[in-house]
Amino acid sequence: MDRIYLDNAATTPLSEEVIDAMVDVMKTNYGNPSSTHSLGQEAKILIENVRRQVADYLHVTPAEIIFTSCGTESNNMIIKSCVNHLGVERIITSPMEHKCVAETVLDMKKRRGVEVVYLRPDQKGDFDLIQLEEIIKSSDKKTLVTLMHANNEIGNLLDLKKVAEMCKANKVLFHSDTVQSMAHMEIDFSQIPLDFASCSAHKFHGPKGSGFAFIRKASGLKGIITGGPQERSLRAGTENVCGIVGLGKALEISLNNMDQYSSHIKEIKKYTKERLLSEVDGVKFNGRSAEEETSLYTVLSVLLPFKDPMIGLKLDMKGIAVSQGSACSSGATKPSMVMMMILDEDEIENCTPLRISFSHLTTKEEIDTLVDALQEIAVSFNIEKTNVEHR
Ligand code: PLP
């Protein structure tokens with residue numbers, strides 16, 4: 001059975017060039033980057049080249065990039081160190097954050113007594129930035145604002161520049177989980193005065209287990225993993241050289257092809273929307289995901305007009321991989337926090353959210369197969385429903 005992969009917000013397939021670059025490093029550059037001999041130093045140079053490449057992409061200095069094992073680690077490190085080392089006593093966040101931010105914030109509340117204030121979204125999943133500023137100004141406590149750039153379930157984009165400028169003007173720290181947007185769009189931190197951000201290579205055809213944290217110079221942040229002096233003592237442990245090289249290669253490919261990839265994906269997303277609207281009666285789109293300007297182009301969050309908790313499984317049996325929420329909450333039968341925030345009671349009771357996420361590899365033929373499968377499920381569902389009503 002041919003597989004159709006439409007879950008690229010969960011992870012992306014590794015590109016061949018990334019695999020080749022990593023295999024090459026595994027075979028050749030086995031030196032420890034902390035060793036002073038040439039094998040070690042060669043490995044060190046590979047890491048520093050990627051650090052420079054990432055820094056150039058973000059318009060920051062290489063010293064502000066700390067390689068980590070993933071987005072989760074980057075977000076943990078930033079939030080925990082803000083509390084443990086920078087004296088943050090209050091965190092302003094939202095119920096729309098990824099679990100690795102949400103749970104870390106709760107952990108800081110439980111273990112360190114940090115006050116947590118939630119900025120609630122409206123039904124489109126947007127935040128009222130006037131309200132955010134009011135909350136920021138309502139206390140003198142040392143504050144961290146943590147709000148994600150692109151929502152992993154509905155794709156809504158935050159105006160990073162506006163929020164960063166607001167935080168700077170009010171002298172509060174600002175962290176953004178940028179895991180879904182990194183390498184998919186131009187990001188210039190020389191123009192966006194945020195303090196911290198995060199990245200995960202497997203979201204743009206790089207390897208799992210490789211990411212980085214952006215930590216603004218002189219922030220005073222410290223690491224959570226102690227040990228050797230690697231990564232400027234912010235992240236002890238021998239570096240994942242082949243993972244970092246894989247991240248660099250994936251970033252290089254993404255940036256070199258950004259225009260081509262994004263226009264292809266936007267076209268595919270538009271096609272998916274149109275086909276769904278014409279083939280599935282009553283279909284809707286969640287948050288801003290159907291809008292081009294205000295959402296991440298890789299994500300389309302669909303609301304199907306029938307309740308089918310088994311839909312992910314049914315599609316999987318047809319060889320189609322999609323998500324019923326984010327990867328971390330799929331498999332759970334109750335709707336995700338994001339859906340609870342933006343859907344009304346009737347929609348939660350009677351509809352099924354589905355996240356379709358694309359890559360440059362997605363084809364219109366694959367979308368046709370998905371739409372046919374959804375149409376078939378919708379029709380069978382109606383028939384089942386009719387049968388139940390007749391019994
Ligand atoms: N933040 C967001 C928005 C994500 O979508 C994800 C992954 O799904 C993460 C963080 C976690 O990244 P990682 O899988 O690298 O830990």
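The values are calculated or read from the model by the stated rules, or taken from the named source; none is laboratory data. For clarity, every value in this text was computed on a predicted model and none was experimentally measured. Neighbour counts run over all protein chains shown; Cβ positions are idealised from the backbone, glycine included.
Here is a yes/no grid of residues against (1) aromatic (Phe, Trp, Tyr); (2) within 30 Å of Asp7 (Cα to Cα); (3) buried (at least 19 other Cβ atoms within 10 Å of the Cβ):
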residue	(1), (2), (3)
Asn75	no, yes, yes
Ser81	no, no, yes
Glu89	no, no, no
Asn152	no, yes, yes
Wholly inside segment 115-182, strands (runs of 3 or more DSSP E) that include 3 or more residues that are touching a Leu at 6+ places or on another chain (Cβ under 9 Å) are 143-146, 173-176
Of the residues in segment 149-197 that are of a type in the set (D, E, K, R), in contact with a Ser or Thr (Cβ under 9 Å, 6 or more places away or on another chain) and closer than 25 Å to Ser357 by Cβ, the one that is nearest to the ligand (Cβ to nearest atom) is Asp177
Checked against (1) assigned by TED's automatic domain parsing to the domain that holds Cys199; (2) out of contact with any Gly (no Cβ under 7 Å at 6 or more places or on another chain), Ala236 satisfies every condition except (2)
Within segment 277-295, residues surrounded by fewer than 24 Cβ atoms within 10 Å (Cβ to Cβ), touching a residue at least 12 places away in the same chain (Cβ under 8 Å) and not in a strand (DSSP E or B) come out as Glu279, Val280, Asp281, Gly282, Val283, Arg288, Ala290, Glu292, Thr294
When segment 62-98 is checked residue by residue, the ones that are touching a helix residue (DSSP H, G or I) at 6+ places or on another chain (Cβ under 7 Å), under 21 Å from Asp140 (Cα atoms) and either away from the ligand (no atom under 16 Å from the Cβ) or not aliphatic (A, V, I, L, M) (or both) are Lys80, Val83, Val88, Ile91, Ile92, Thr93
Filtering segment 99-115 for residues that are within 16 Å of the ligand (Cβ to nearest atom) and either aliphatic (A, V, I, L, M) or in contact with a Ser or Thr (Cβ under 7 Å, 6 or more places away or on another chain) (or both) leaves a count of 5
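So that you can scan it fast, the table gives a plain yes or no per residue for (1) closer than 24 Å to Pro62 by Cα; (2) among the polar types (S, T, N, Q):
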site	(1), (2)
Arg111	no, no
Leu132	no, no
Asp140	no, no
Asn151	no, yes
His175	yes, no
Thr178	yes, yes
His184	yes, no
Looking across segment 225-255 at residues that are part of a loop (DSSP other than H, G, I, E, B) and hydroxyl-bearing (Ser, Thr, Tyr), the single one that is surrounded by the most Cβ atoms within 10 Å (Cβ to Cβ) is Thr238
Picked from segment 210-224 (must be out of contact with any strand residue (DSSP E or B) (no Cβ under 9 Å at 6 or more places or on another chain) and in contact (Cβ under 8 Å) with a residue 12 or more places away in the chain), the residue surrounded by the most Cβ atoms within 10 Å (Cβ to Cβ) is Ile224
Of the residues in segment 216-252, those that are farther than 13 Å from Pro33 by Cβ, in contact with a helix residue (DSSP H, G or I) (Cβ under 6 Å, 6 or more places away or on another chain) and hydrophobic (A, V, I, L, M, F, W, C) come to Leu221, Ile224, Leu247, Ala250
So, first residue in a loop (DSSP other than H, G, I, E, B) in segment 65-81, second residue away from the ligand (no atom under 12 Å from the Cβ), Cβ within less than 8 Å, six or more apart or across chains; the pairs are Ser69/Asn240
So, first residue among the acidic types (Asp, Glu) in segment 31-52, second residue part of a helix (DSSP H, G or I) and surrounded by 14 or more Cβ atoms within 10 Å (Cβ to Cβ), Cβ within less than 8 Å, six or more apart or across chains; the pairs are Glu48/Pro62
Requested in this report: Might you let me know whether segment 269-280 holds any residue that is of a type in the set (A, V, I, L, M), at pLDDT 95 or above and not assigned by TED's automatic domain parsing to the domain that holds Asn151?
Outcome: yes
Inside segment 201-224, the number of residues satisfying the requirement of being in a loop (DSSP other than H, G, I, E, B) and among the aromatic types (Phe, Trp, Tyr) is 0
Of the residues in segment 1-19 that are of a type in the set (A, V, I, L, M, F, W, C) and part of a helix (DSSP H, G or I), the one that is farthest from the ligand (Cβ to nearest atom) is Ile19
